[in-house]
Structures are given as structure tokens and as C-alpha cells.
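Report on the following structure.
The values are calculated or read from the model by the stated rules, or taken from the named source; none is laboratory data. Bear in mind that the values here come from a model prediction, so they are computed numbers and not experimental data. Here the Cβ positions follow ideal geometry from the backbone for every residue, glycine too, while neighbour counts run over all protein chains shown. To get the accessible areas, we keep the full protein, side chains included, count just its heavy atoms, and leave off ligands, DNA and RNA. Shrake-Rupley method; radii C 1.70, N 1.55, O 1.52, S 1.80 Å.
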Amino acid sequence: MIVVEGLKKVYKSEKFEVTALDGVSFALPSNGLVFVVGKSGSGKSTLLNLLGGLDEATEGAIRFEGDEISEEERDPDIFRARCLGFIFQDFHLMEKLTVADNVSLALELNGKKDYDRVKKALRQVGLDGVEGRYPAELSGGQQQRVAIARAIVKEPKLILADEPTGNLDSVTSEQIIETLKDLSKDRLVVVVSHNLLSATRYADRIIELGDGRIVRDVTRVRGHEALVEGDTINLPSGELSDAQLDEINRAVSEGGKKLRRASEFVDTAKLETIDAENDMTADDGCAGEATNGNLSGAEATKSASDTDAEKDKKRVKRGLSAKRMIELGAKFTKRTSFVSTTVATAFVVALFAICVILYGFNGNGIYMQLDIARYGVFSLQKGYCPSEIEGNLLTDRQVRVTDEDIQEFEKAGYDGNVYKLYNMSIPVMVYSLDAGGLPSVDEVYRYFYTETAMGVLVADESYLKKLFGDFEVLAGDLYDKPYGVILTDYIADSIAFTQGTLEDERPYDNFVGKERVHERYYVNAVISTGYKKEFEPLAEKFKDAWKDGEVTERERDALTSSSEYADFLNAAQNKFNIAYSLNPDYVKSVAENPLESRMFARIMRAEIFDESGHKLADNFGGYVPLAERAGIEAHGDEAYMSLWLYNSLFGTQMTAEDMSAFEPKTLKLRDYDISDLALENVTYELTIRIKGVLDIDEAMIASRELIDKIHEYDVYAYALVFDSNGKMSDVLDVADRLGYRANAMEFSEVYNVLRVMRMYCDLFLTIGVVLLAVALLLMVAYGMKNVRGNAYEIGIIRALGAGQRDVAT
């Protein structure tokens, strides 16, 4: 059954090299009791570990039923689980498991659970009724019998016993050996022992090792079995028992008896034949009753009739069930360590999950849940710069948007409509209008009603219906003039409020069909928005707060910090406080309109230089009226300058009564966008010849040619409005890259959060990876600690045939 060929085992370290076995070869049959004896260090335990597949040979091979015990042919784990039973000197029982569980474990590693077989095995070794006890409650002899029961419960063909009586008294030792002797009748039992007397008395074969080699290999040759046979006494080898001595003494006292040796050990190599039966009847590789065979078998080789399918079948192993692994894992886990590690790991994993969420942060989901999403639109303004112009109320600088920007949003996947919001801000109060921008939110909505509208949005009627539903035209005609605008009732009410005409019977009729000259717009119509019904309670609160003409900071904070005020601001910024045009060529129409508002152009923020290139002024801006409107003649690059500006530029002290000191000047005016604080990108450059000085409020009045050149850069789109709130995160990624920011407060807040998240995205990823590594290290450290703490138990279940999966659990 077992063939050992040229077995060599060398243990190496940095300083030493020890040869434990050196060229050991032998063959063992399928049953019988074989003792491996020798002095300490002779290689006995090493040989046993190699036979059991617990260690690998340096050279040589071990074959079981023709297959080498190796990963390629017969998996060592499966071999131990199916074919082999181990018995140890120190019993190696698991203290936390009952006797029944200790014995059952050998079966469970084969995927079986049979309590009847467990009881049968215990009964076979004389341990009926101890199934529920724990090893600590048994004597040494009983514990060793439990170990034997564990070894035989799976009915293995081979039992390996390492000094099984080393820790037992002589009486118990004899009982254990006799038990092993009885078991060897139908299976092979190999016992490693230093007790040569027991070997001589019980062994069917003795292999003696010395310095890693076989120094003696003898087999018992049996003769007459009866102790007294006629006139002959058959004297057995070895030590005699008291009963045998009594029987021999009685026979001698009768007289006339002669002595004859009953059996003797013969050098195994000198035996002419060794008959070993190898009829394999088990149906699952090894488990089952081993067949009987003679100890004198010549060679244990596997039948050539075995098919590949049968070999594969022997490699099939079903380990512990998942449920059983969890149960056993719980028994051997150090509770305190487990709880602390679990808590620490859970905390780290939670932090890791947070980092993953932050890393994968997508603003789309948040945007869809904002109140602003109910309007179905959102707007992006180009640029966000705090004003640095002294006395200017503006906090939002307007920056020119381009068609190329719109194309970038479309490339990012946005497939809705994009509308342009133009800088034709409609003031409610004259002082609230300043070139190039909009007042701050606090200034705009100081009295609930606005001080300045957000501008003119060029859209279409379907867009208005999306915002306001089936809105009502309260006055005028939506399509009256191509350069006209549509006011919302909120803007119209704001103007009426400042003029004290809000309570008029038909206040909206005062707006339509008229041009607001200096405010530069013509009103086509006024439409309803429903703002009064939606925000009437808030309007009343503002009215009550301002009824005495003064509001404290506490009162204002109470109003502006409420959620209803936030809702109002979002609605105002997105629909109420915007004027509309339904003419797609609105900008061209504004430039070509024949009304008085055409007589104005606006300079943003210019630098003025004299003929020699010396800068005379910067941050120059304001409105420039047409000269002919004032009844003054000017052509080409001619302009008239105000008295106060001329004096400030050239250091003169002329008065309105005496302008004799005037000298014609040629100036160069270089204009910049309002957002260009560094004055790096010139919008346009003009040469202006100052033809005269006038006592006027405006800085200068100019010829039609100059007005036309300035007007070309005067009206432009500063924001984009999107009518779909899908893919907002992708759109805002582009907005961030192009320098846009959201107009709505809620969008702006989320947008800023999104920018921060994007900024620290790589940091979150790095932290997440570190936390994952920490979690893994915690688990590995706990696993290693648990392995070290359960090394004893791991060694036992490995010897019983547990695979890596079972051990890991």
C-alpha cells in the first residue's frame, strides 16, 4: 500500500544543515502493526511527518496505492482527510470542543456529519457515554482513546501514531497498544516509539532508524499460535504476560514438555515473498473498510486497471460547511481582540466609504433636489469679481460670453436650449444704474421690490410658458417693436413702487409703448408671473418692516435669513427679475432702433492718453450722448468734453463764464471689459479730437461715428440660461473651466461645494487608498494574531486534513 523510495530530508538554516533522513526506502502492506523505533534524533518523527504529508521531502518519493503524495497526483490535504488517521503523544485534542465534536471534526472535514459513527468509534475504544464531556474532564488514557476514536471514525486505511503512550502509565500504555494492535487487523498502523520492548512484543514489523538511515528492518514470521500444544510449549518472542507465565508454569509442572519458539523476527530483505492484498473496495477514494492482507506482501503498487476518472475522484474533497466554519471560528476567536478589531475596522471602512462617496461626488443628484429645479432652468454668469471701483455698488462684474462657450457646453453633453442674457439692465432707481454690471443682491432686493432688473433674456414664447404657464399679457403687445422688451409684473411693480404709483388703477399702461431714454429700453408689454400670490406673505413682512422708513439689522436679518426669502431670491434671479425679448435679432435691432435711446453709448472702463502716450486717467466710464441730439455739430472722431473732466485731465481751472484757456486736444481712449481688472485685453481703441468744452453733466458727447463704434461693444450677453436641468454636473464642470458661476443662490452654493470637491478629489482618492490599506492591515494583523493564538488548533486540523480554506476560516 505504501512505497517509500530514496527518501531524503535536509533541514537548512543560515549556519547549519542537518540531514534528518538519508536515502530511506521500504514498502508497507495494507494492514498490520509497524513500529518505527530509534534513538532521539534518528529521524522517526521526520519520517512520520513525511508519511502524513505534513512536510515535503528534499529528495525521493512516497507513494500511496501507486500515487505519489503531492499536489500533482494525490493532494496531501485530501490524503490526510480521507485516508489517514493521526494519533499524537500529547493527544492534541481541542479543549474548547466536546469529545463528540473532537471526533466528529475528522468526519466533517470530509463533508460528512454522522453522530452514529462518532458513537461507534468511541464505543470501539471503550468510551461509551463521554460524548458531551470536554477533554479537561478526562484522564490521560481516556484522552488518548478519544484521539484514537478521532483517527478511526473516518475508517482510514492508514493510522500514524507518534509516541502514543509517551505520557501514559504502563498499564494504560499496554491497553492503548493492544487497542492499536486490534485496529491493525484490518488496516495499517504505523507507530513511532522509543520503546523497543513494546515493539518486540506487539509489532508485526520493526523498522529501526539511526542517523537518518534504516539500521534494521525485521518482520515477524508467525509459526504455531497455541501456547501449549501437546507435549510442546510454543514460547513467544518478547515479554510474557502473567497469564502466559501461569500457563507455561502449569505445563512445565506436568513434565515431559519441550520448548519451541512460536514466532521470530526475520530480516525483511531476506524474505522471499511478501503477499499483500490490495483489493480496494471503498467508493470514495479511501474512506471505508480496508481489506485484509498478509504482512509478507512483496510490493504495494496500485492496480493498473484504475482509470483516470477514479484518480480524479480521489482528489474530490468537500470541506467544512460554511455554517460549521463560522461556528468553529467563533469558538476559537479571541473575543476582546475580535471586538476591538471589528470596531476599528468598521470605523476605517466607514471613513473609506465616505472618501469613496466624496471622490465620486456627482452634483447632478443634488441639483435635481434643489427648489430651483422646479423652474426647469438655471443660469450661468461669466465671471465673478468683487468691484474695486470706489463708490461703485457693483459686486458682480459682467463678462462677455461667446458662441464658442456655448459649443463647449454642447460638447459636454448638454442637449437643451441655451438662451443669452444681455447686459441691458433695467434700473428702477436712477442711482442704481452703473456702467457694466448689477448691484449686489442685498441692494437689489432691499425693499422686496427690485432696484435693478437682471437684464434682457432673448428667448421665445415657449420658454415664457415653461416659466409662467399660461401667463396673461397685462398690457401692450409682446411683438410691438423688435427692439422692445417684455417686463414682468414684478419689475413693473418695482418701478411703480419707487414712483408711488403702485396703487394706480391701471399702472401697467404707464409702461407700454414708451421709451425710457436714459434707461435705454422700450417696453412692448407687461406679463403676469404669479409672484404676488406666491410670495404675498413675504411682501407683507417687508412692508411692515419698512412702514416707518427705517429697518434695524436684526429685523433685516430675520427677513433675509428665512427659507421663504431664499425661495423668493431663487425665483427672482431665475424668472421674476428678468426682462424678455422674443426677437432672436434683439441686439441688432437695439443698435439700429430710431428712438432716442439709440443716441447713447456706454464706455465700460477706459484709460485716456494724451498725444505723447502719457496716461491721463483710468477707470473712466459712463454714458456718451449723441452730439446732434444736443444740437451740436460733430463728425468723424470729434467730441465735446465736459468742463469738469477737461480741468481734471489737463490741470486747468476754467469756469463756465470763462473758457478762453481751452485748447483743442487729441486723446486716445482705450476701453477694457469691466471684468478686466488687470487691464490686459483691450476691447477697442479710439482716437478722439476734443473740439470744445461744454458745461454738461455727461463726461463727453460724441459724433455719430464715435457712438456707433462704442455701441458695437456696449450691448453684449453676460450670462447663459439653460432650459434643462439634466447633466448639470457636466455642464458646471465646463462652467468652472470657462470661468462661469451660477446666478441662483442655491446653485451657487452647490457649485462652490462641487468646485471644492473637485479640487480635493485626488486627495479623497489618496486618503481612501490609505484607509483601505489600513483596513486590510488591521484585518491581516488580527488574522496573524489569531493564527498565532490558535497555532495549536491549526496544527491539529491540518493534521486531520484541513485545507487552506478551512484553516483560513
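Per residue, how much accessible area does the range 1-80 show when a 1.4 Å probe rolls over the protein heavy atoms, in square angstrom? Walk me through the numbers on the way to the answer.
On the way: 3410 Å² over 80 residues.
Result: 43 Å² of accessible area for each residue.
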Once neighbouring chains are kept in place and the probe is 1.4 Å, which whole percent of the accessible area of the range 144-259 is contributed by carbon and sulfur? 47
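Sorted by accessible area with a 1.4 angstrom probe, largest first, how do 800, 54 fall? Intermediate results must be reported in sequence, preceding the final value.
Details: 800 5, 54 70 Å².
Accessible-area ranking of 800, 54, largest first: 54, 800.
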Over the range 129-181, with the other protein chains present, what is the accessible area per residue in square angstrom, probe 1.4 angstrom? 33
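Write down the accessible area per residue of the range 574-709 in Å², having rolled a 1.4 Å probe over the full set of protein chains.
Numbers: 6300 Å² over 136 residues.
Value for the range 574-709: 46 Å² per residue.
Given the peptides 28-37, 479-488, 762-771, arrange them by the average over their residues of other C-beta atoms within 10 Å, most packed first.
On the way: 28-37: 25.0, 479-488: 23.0, 762-771: 15.1.
Descending packing order for the listed peptides: 28-37, 479-488, 762-771.
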With respect to the cross-link table entries 181/258; 185/270; 44/120; 420/466, which display a Cα-Cα separation exceeding 22 Å? 181/258; 185/270; 44/120
Say each of residue 591 and residue 663 gets a label point 7 Å from the Cα, pointing the same way as Cα to Cβ; how far apart are those two points in nm? 3.8
Measuring from label point to label point, each 7 Å out along Cα→Cβ, what is the residue 647 to residue 678 span in nm? 3.9
On a full-extension model of 0.36 nm per residue, what is the gain between residue 756 and residue 504, subtracting their alpha-carbon distance, rounded to one decimal in nm? 85.7 nm
With a 1.4 Å probe and all protein chains in place, put 92, 635 in order of accessible area, largest first. 635, 92
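Take each of the peptides 167-179, 659-671, average the number of other beta-carbon atoms within 10 Å over its residues, and list them starting from the highest. Walk me through the numbers on the way to the answer.
Values: 167-179: 16.5, 659-671: 14.8.
Descending packing order for the listed peptides: 167-179, 659-671.
Roughly to the nearest percent, how much of the accessible area of the range 477-552 is carbon and sulfur, given a 1.4 Å probe? If you can, show how the numbers build up before the last one.
Details: 1810 of 3830 Å².
For the range 477-552, the apolar C and S fraction of the accessible surface comes to 47 percent.
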Between residue 356 and residue 534, Cβ-based FRET efficiency (R0 35 Å, step 0.05) works out to 0.30
Once all protein chains are kept in place, residue 612 shows an accessible area at probe 1.4 Å, nearest 10 Å², of 100
Any idea what the dipole of the range 89-167 comes to, in debye rounded to 20, about its Cα centre with Lys/Arg Cβ at +1 and Asp/Glu Cβ at -1? 320
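Around residue 214, with a cut-off of 15 angstrom between Cβ atoms, what is the net charge of the other residues, counting Lys and Arg +1 and Asp and Glu -1? Mind dumping the intermediate values first?
Details: positive: 8, 9, 39, 44, 205, 213, 216, 270; negative: 5, 22, 208, 211, 217, 267.
Summing Lys and Arg as +1 and Asp and Glu as -1 gives +2.
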Give me the percent of Cα-Cα pairs in the range 572-676 that sit more than 15 Å apart, rounded to a whole number. 75
Could you put 493, 697, 77 in order of accessible surface area, largest first, with the 1.4 Å probe and the full protein assembly present? 697, 77, 493
Report the accessible area of residue 741, computed with a 1.4 Å probe over the heavy atoms of all protein chains in place, in Å² rounded to the nearest 10. 30
Just going by the charge dipole of the range 680-739, with Lys and Arg at +1 and Asp and Glu at -1 on Cβ, which of 700, 734, 720 is farthest out on the positive end? 700
Using a 1.4 Å probe on heavy atoms of the protein chains only, the accessible area for residue 355 in Å², nearest 10, reads 10
Local electrostatic count at residue 668 - Lys and Arg +1, Asp and Glu -1, tallied over other residues with Cβ under 12 Å: -2
In percent, how large is the relative contact order of the range 45-128, given Cα pairs closer than 8 Å and 6 or more residues apart? 17
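Just subtract the alpha-carbon distance of residue 244 and residue 695 from 0.36 nm times their residue separation and send over the number in nm, one decimal.
Working: separation 451, 0.36 × 451 = 162.36 nm, distance 14.94 nm.
Here the answer is 147.4 nm.
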